[in-house]
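K.L.:
Take this structure, written in structure tokens, and hold onto it; I'll ask about it next.
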Amino acid sequence: MTNKRIALALALAAFAGACAPPPQKATYDAKQTETMAAYRRVKEIPFDKANPFSKEKADLGYALFFDPRLGHENSVSCATCHVPALGWGDAFPKSPATLGRTTPRHSPGIANLAWDELYFWDGRVDTLEAQMLAAVAGPSMNTPLPDLEKKLRAIPGYAPLFAKAFPGTAEPITSANVAKAIAVYERTVVSGRAPFDAWIEGDESAISDDAKQGFWLFTGKANCAACHNTWRFTDGSFHDIGLPGEDPGRGRLLTSIAKMKQAFKTPSLRDVSLSAPYFHDGSVGTLLDVINHYEKGGIKRPSLSEDMKAVALSREDKRNLLAFLSTLTSAEPPVRAPRLP
Amino acid sequence: MCRSLAFAAGVGLAFAAVLPVGAGDFRVRQVDRQFSVAELDARVDDTVEFTNDDKVAHNIFSRSIAQPFDLGAQRPGESLRIRLAAPGELKVECAIHPRMRLTIRVAR
Ligand SMILES: [Cu+2]
């Protein structure tokens, strides 16, 4: 750049500075800056070493996830209960399953799960691969694994896809490989960028002042961040938040640990506006009623989490919390069903 | 980059945390929903003190056959101890936060 050009640029900048409204400048103290940094999105997805990412596996998993032929009488896919446009959950408190049955719990969203250690509301399996096999063979889809293999081998279009995803095997269409492909696909399912992310990355106009107040409540007085932390808004951990009901949750697996009675895995709050009804039993229909539950602090019982405490929330507090929660929902279009083989 | 920084910080903590505080005593902190160390080498009759330096509760337990235990809910700031009763490998977990894992190798 010549000196003349620099001078011109400086003059223009000065001119623009004089006329434009003063740029919105955020002033956050060190503690606030640190809090915000803890919610910044991460870029890399942790895949499983035993089942590393490949595009072929992810593409195959994408088809399998949406294919109703995997289920009972070719009528139910994973996406029947994990609907992309509904935050990857569904709108039933408990979902209709096969043979006139109903799922015992509410269908949770399946986004952002690559970062979790344990799966299902009660953490009863420790990989997405194992989770998938339980879903397909259980009441949700009612397809015993030998039948699953038979069905998929009978669809000519799947053979080349499996061969590409699992090269060098004589018969790649096995239930173990179905689980691997679907699990790899699921790990790629990450909630879209939301206005909240733009704010965290420095765009002060991305969310309203009410929503910002809501975030300071969420991470402050209301104590939500004790459990809904990181960019996923979950600790991937297990707490009894004092909901009514009889479901023993994680307590069925860790029977001798008092605190695990009626404890469930913290769900991510990304796209939470899309995923009503809420909680493991789908018992609460609106986010306002969720907040009202936390205001009261849940049923006092020995298993109630130490981090659950009643908190006085004004009407304005609740409005701000709701405004904040709505900024976690992405405007990106939901994933569409793929072409099936 | 972030990861290696975190790792370096972890190693720093580890040294700070494993230094025996008295003969046969170990201190393990709970920070950022992690144990400050991943592994410990100790002997029967040593004690391990767990200090909750987090802002959230923990619940340390072990299902190891040699010495199963449950320390119950542990609030921020609280310290709880165990005495190592038997030789072998003790896998220590947090019931609330499944990511927290600590292995204590107990020699005779
Ligand atoms: Cu813990």
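K.L.:
What residues qualify as long-range amide H neighbours of A:VAL83, i.e. H under 5 Å apart, gap of 5 or more or another chain, H built at 1.01 Å from N?
P.N.:
For A:VAL83, the qualifying residues are A:TRP88, A:GLY89, A:ASP90.
K.L.:
A follow-up question, please. Quick one: ranking A:GLU44, B:GLU49 by accessible area, 1.4 Å probe, largest first, what do you get? Could you put the intermediate results ahead of the total?
P.N.:
Numbers: A:GLU44 150, B:GLU49 35 Å².
Largest accessible area first, the list is A:GLU44, B:GLU49.
K.L.:
Using only protein heavy atoms and a 1.4 Å probe, report how much of A:THR102 is accessible, in Å² to the nearest 10.
P.N.:
Here the residue's solvent-accessible area equals roughly 90 Å².
K.L.:
B:VAL28's amide H: which non-local residues (gap 5+, or another chain) put their own amide H closer than 5 Å, with H modeled 1.01 Å from N in plane and none for Pro or chain starts?
P.N.:
B:GLU49, B:PHE50, B:THR51
K.L.:
Separate question: Which whole-Hz ³J(HN,Hα) couplings does the range A:166-175 yield from phi under the Karplus relation 6.51 cos²θ - 1.76 cosθ + 1.60, θ = phi - 60°, glycine and proline marked x?
P.N.:
10, x, x, 10, 5, 10, x, 7, 10, 5
K.L.:
Can you work out the FRET efficiency for the pair A:SER208 and A:ASP247, with r the C-beta to C-beta distance and R0 = 45 Å, to the nearest 0.05?
P.N.:
On the way: r = 37 Å, r/R0 = 0.83.
Efficiency, rounded to the nearest 0.05: 0.75.
K.L.:
A follow-up question, please. Rounded to the nearest 500, what is the 222 nm mean residue ellipticity of chain A from helices alone, with -39500 (n - 2.57) per DSSP H run of 4+ residues and division by all residues?
P.N.:
Rounded to the nearest 500, the figure is -10500 deg cm²/dmol.
K.L.:
Moving on. Kindly sort A:ASP29, A:ASP271 by accessible area of their heavy atoms, largest first, with the probe set to 1.4 Å. Before the final figure, lay out each step's value.
P.N.:
Working: A:ASP29 85, A:ASP271 20 Å².
Final ranking, largest accessible area leading: A:ASP29, A:ASP271.
K.L.:
Using only alpha carbon pairs under 8 Å that are at least six residues apart, calculate the relative contact order of chain A and give it in whole percent. The partial results should precede the final answer.
P.N.:
Numbers: 561 pairs, mean separation 73.7, N = 341.
Contact order relative to length: 22 percent.
K.L.:
Determine the dipole magnitude for the protein assembly as shown: charges of +1 sit on the beta-carbon of Lys and Arg, -1 on that of Asp and Glu, nothing else is charged, the reference point is the Cα centre, and the result goes in debye to the nearest 20. Show your work: numbers first, answer last.
P.N.:
On the way: 55 positive and 50 negative charges, 69 e Å.
Rounded to the nearest 20 debye, it is 340 debye.
K.L.:
Residues of the range A:255-275 with accessible area at least 20 Å² lower in the all-protein-chain context than alone (1.4 Å probe)?
P.N.:
A:ILE257, A:LYS259, A:MET260
K.L.:
For the range A:149-182 and the range A:287-331, what is the separation of their C-alpha centers, rounded to whole Å?
P.N.:
45
K.L.:
Heavy atoms of the protein only, probe of 1.4 Å, neighbouring chains included. What is the accessible area of A:THR188 in Å², nearest 10?
P.N.:
Around 50 Å² of this residue is reachable by solvent.
K.L.:
Is chain A rounded, prolate or oblate when judged by the Cα gyration tensor, a ≥ b ≥ c being the square roots of its eigenvalues, rounded requiring a/c under 1.5 and prolate requiring a/b larger than b/c? Before the final figure, lay out the partial values.
P.N.:
On the way: a/c = 2.42, a/b = 1.32, b/c = 1.83.
Taking the square roots of the gyration eigenvalues as a ≥ b ≥ c, chain A is oblate.
K.L.:
Let me ask something else about it. Taking H placed 1.01 Å from N in the peptide plane, check which residues at least 5 places from B:GLU39 or on another chain put their amide H under 5 Å from its amide H.
P.N.:
B:THR103
K.L.:
List the longest stretch of chain A that has no exposed loop site; here a site is one of the trypsin sites (Lys or Arg not before Pro) assigned by DSSP to anything other than H, G, I, E or B, with at most 16 other Cβ within 10 Å. Don't skip to the end; give the middle numbers.
P.N.:
Values: sites that count: A:LYS25, A:ARG40, A:ARG41, A:LYS43, A:LYS49, A:ARG101, A:ARG124, A:ARG193, A:LYS221, A:LYS300, A:LYS309, A:ARG336, A:ARG339.
Longest site-free region, per DSSP loop and neighbour criteria: A:222-299.
K.L.:
Next up: In sequence order, what are the phi-derived ³J(HN,Hα) couplings for the range A:264-280 according to the Karplus relation 6.51 cos²θ - 1.76 cosθ + 1.60 with θ = phi - 60°, rounded to whole Hz, with x for glycine and proline?
P.N.:
So the J values, rounded to whole Hz, are 10, 6, 5, x, 5, 9, 5, 6, 5, 5, 8, 10, 4, x, 10, 6, 5.
K.L.:
If you don't mind, there's one more thing I want to ask. Can you give the local net charge around A:LEU340? Use residues other than it whose beta-carbon is closer than 11 angstrom to its beta-carbon, Lys and Arg +1, Asp and Glu -1. Walk me through the intermediate numbers first.
P.N.:
Numbers: positive: A:ARG69, A:ARG339; negative: A:ASP67.
So the surrounding residues net to +1.
K.L.:
Right, something else. ³J(HN,Hα) across the range A:222-234 via Karplus (A = 6.51, B = -1.76, C = 1.60, θ = phi - 60°), whole Hz, x for Gly/Pro?
P.N.:
So the J values, rounded to whole Hz, are 6, 6, 4, 5, 4, 10, 9, 10, 6, 4, 7, 6, 8.
K.L.:
Quantify, in whole percent, the carbon and sulfur part of the accessible surface of the range A:55-187 (1.4 Å probe; protein heavy atoms only).
P.N.:
Working: 3310 of 5380 Å².
Ligands and nucleic acids excluded, carbon and sulfur reach 62 percent.
K.L.:
Moving on. Projected onto the charge dipole of chain A (+1 at Lys/Arg Cβ, -1 at Asp/Glu Cβ, origin at the Cα centre), which of A:TYR294, A:ILE257, A:PRO68 gives the Cα projection farthest towards the positive end?
P.N.:
Comparing the listed Cα positions along the dipole, A:PRO68 ranks first.
K.L.:
Next question. Roll a 1.4 Å probe over the protein heavy atoms and report the accessible area of A:SER205 in Å², nearest 10.
P.N.:
Spelled out: A:SER205, probe radius 1.4 Å, area about 90 Å².
The values are calculated or read from the model by the stated rules, or taken from the named source; none is laboratory data. The shown structure was predicted, so the numbers you read here are calculated from the model rather than taken from an experiment. Counting neighbours? That spans all protein chains shown, and the Cβs are built from the backbone with ideal geometry, glycine included. The area values use the complete protein model at the heavy-atom level, side chains included, leaving out ligands, DNA and RNA. Shrake-Rupley method; radii C 1.70, N 1.55, O 1.52, S 1.80 Å.
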